[in-house]
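Notes follow once the structure below has been shown.
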Amino acid sequence: QVQLVESGGGLVQPGGSQNLSCVVSGRGFIANALGWYRQAPGKQRMLVASFIRAGVIQYGDSAKGRFTISRDTEKRMVFLQMNSLNSDDTATYYCYVRVGWTKYWGPGTQVTVSS
């Protein structure tokens, strides 16, 4: 089974930075896509950043120019460096991996941007 666990969420001041991490475990699968979504209260889950195929990264509009996705394939980890955070970035951040056409999700990590 595919399992994902996020870490690195917390309270951050406006203008600050936060780095999220996600560990992917399981055997016998190939990740067709890997990345991050977020969901604010009362809103839909939205793409933040994702590796969608070899050498291609897709960023959501809210993340462009501020967030950077990276990964460590050997450690099976994916990271999200978030800079210039503002209150609109407050959300639960979910790591995901797509295997075939199935998405697997982590439980999420809360990021709250507030002074």
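The values are calculated or read from the model by the stated rules, or taken from the named source; none is laboratory data. Just so we're clear, the structure is a prediction, and the values are computed from it rather than from any experiment. We place every Cβ from the backbone using ideal geometry, glycine too, and count neighbours over all the protein chains shown. For the accessible areas, the whole protein counts, side chains as well, though only heavy atoms, and no ligand, DNA or RNA atoms are used. Shrake-Rupley method; radii C 1.70, N 1.55, O 1.52, S 1.80 Å.
Odds and ends about this structure:
- On the stretch 9-99, 48 percent of the accessible area sits on carbon and sulfur atoms, based on a 1.4 Å probe.
- Förster-model FRET efficiency, 30 Å R0, GLN110 and ILE57, C-beta, rounded to 0.05: 0.80
- Label point distance in nm, ASN83-ALA40, each placed 7 Å from Cα along Cα→Cβ: 2.2
- Whole-number D in µm²/s for the stretch 1-46 (Stokes-Einstein; Kirkwood sum over Cα pairs; 37 °C, 0.692 mPa s): 248
- 3J(HN,Hα) from dihedral phi, the stretch 95-106, Karplus parametrisation 6.51/-1.76/1.60, rounded to Hz, x for glycine, proline: 8, 9, 9, 9, 10, x, 10, 9, 9, 10, 10, x
- Total charge dipole magnitude, the chain, about the Cα centre, Cβ charges on Lys, Arg, Asp, Glu only, Debye to nearest 20: 340
- Dipole of the chain [Lys/Arg +1, Asp/Glu -1 at C-beta], most positive-end residue of GLY8, GLN18, GLY35: GLY35
- Considering the chain at the alpha-carbon level, its Rg and Dmax are found to be 13.5, 45 Å.
- Pair SER7, THR68: separation of 7 Å Cα→Cβ label points (nm): 2.2
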